[in-house]
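Notes to accompany the following structure.
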């Protein structure tokens, strides 16, 4: 990068900078952990010798933080797939269950946005459709940050809720379903989309957004006719911007569909049996008569359902990554 002719080929320069940035994400945290461990190692004998209880406690806490840093790097090492480091589109859709499922989608929205914010990601709503009575029928986020797709791919599939319904006057137990779909943002990968393969519909955006958003047909729904994939966007003020976002989302979904089909074909040829979360029920959330969240793929479970719904889902995500990568 320091060579005098580095910027002569803009494409190659950009590729090299991205590669350097990816390496820094490994090297900088590792060097920091090594330095912190050396500091603790050098100070510990002296603290023990003078029996400084406060300093020893601080050093013990620092060791725990270093161990967590190492565990985080080990987890990051699992993100070896081509798209794992990317930002992603993250969609939640209500399934069977009517109003119950729309309310379940809203609960999952809260869980996932809290989880994403704890990771320091930028969260942006791309499209949102309200439920007819309550809750949300469907919503699409753009999660931007390091390894968004690597983390989020573990959540793809059907999420099942069992609880006593707040919408049922007889207080009966209901089962609701919501599906999560995740696709990496691939702005620098060329995906051919022919105009004749698209049906584009415009409509009036819903929800908050001021006078403009409610008075013009700025929202865009784009259908890819060969595959039946549908994407929507109403987050931008202009129809042109929403169309551009729809094309990005469609490219991401087509790329992900192609990748999964190739992966399944290779597994069939090799006879390899691997878990595939596409369209499958991946996790059960039981609120009554007991409280339990259980992942059907890894068998990891938690009885602290309040913490899970507050965004503490890393135990499920990390277990998936360790088992399936």
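Every read-out reported here was derived from the displayed coordinates using simple, explicitly stated rules and does not represent laboratory data. All of these numbers come straight from a predicted model, not from anything done at the bench. Cβ sites come from the backbone with ideal geometry, for glycine too, and all protein chains shown count toward neighbours.
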Just to be sure I understand: with springs between alpha-carbon atoms less than 10 Å apart, which residue in 295, 32, 310 has the highest mean-square fluctuation in the Gaussian network model of the chain? 32
With labels modelled as points extended 7 Å from the Cα through the Cβ direction, what inter-label distance (nm, one decimal) is found for residue 35 paired with residue 64? 2.4 nm
Looking at the square roots a ≥ b ≥ c of the eigenvalues of the Cα gyration tensor of the stretch 6-77, which shape do they give, rounded for a/c under 1.5, prolate if a/b is larger than b/c, or oblate? prolate
Gain upon complete extension [residue 288, residue 319; 0.36 nm per residue less C-alpha separation]: 8.7 nm
Extension gain residue 168-residue 244, at 0.36 nm per residue separation less the Cα-Cα distance, in nm? 23.1 nm
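How much length, in nm to one decimal, is gained on full extension between residue 96 and residue 237, taken as 0.36 nm per residue of separation minus their Cα-Cα distance? Write out the running numbers ahead of the final one.
Details: separation 141, 0.36 × 141 = 50.76 nm, distance 3.25 nm.
Full-extension gain reported as 47.5 nm.
Tell me the mean residue ellipticity at 222 nm calculated for the chain from its helices only (DSSP H runs of n ≥ 4, each -39500 (n - 2.57), averaged over every residue, nearest 500).
The per-residue figure over the chain is -15000 deg cm²/dmol.
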FRET efficiency (residue 144, residue 80; Cβ distance; R0 22 Å; to 0.05) is 0.55
Quick check: the distance between the Cα centres of the stretch 1-41 and the stretch 130-196, to the nearest angstrom? 35 Å
Based on the mean of other Cβ atoms within 10 Å per residue, sort peptides 165-173, 284-292 so the most packed one is first. 284-292, 165-173
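For the ranges 246-259, 67-80, what's the packing order if you count other beta-carbon atoms within 10 Å of each residue, average per peptide, and put the highest first?
Going by the mean number of other Cβ atoms within 10 Å, highest first, we get 246-259, 67-80.
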Highest mean first, what order results for 90-103, 146-159 on Cβ atoms within 10 Å? 146-159, 90-103
Using 1/(1 + (r/R0)^6) with R0 = 25 angstrom and r between the beta carbons of residue 204 and residue 229, what's the FRET efficiency to the nearest 0.05? 0.60
Estimated FRET transfer efficiency (residue 73, residue 260; beta-carbon r; R0 25 Å; 0.05): 0.35
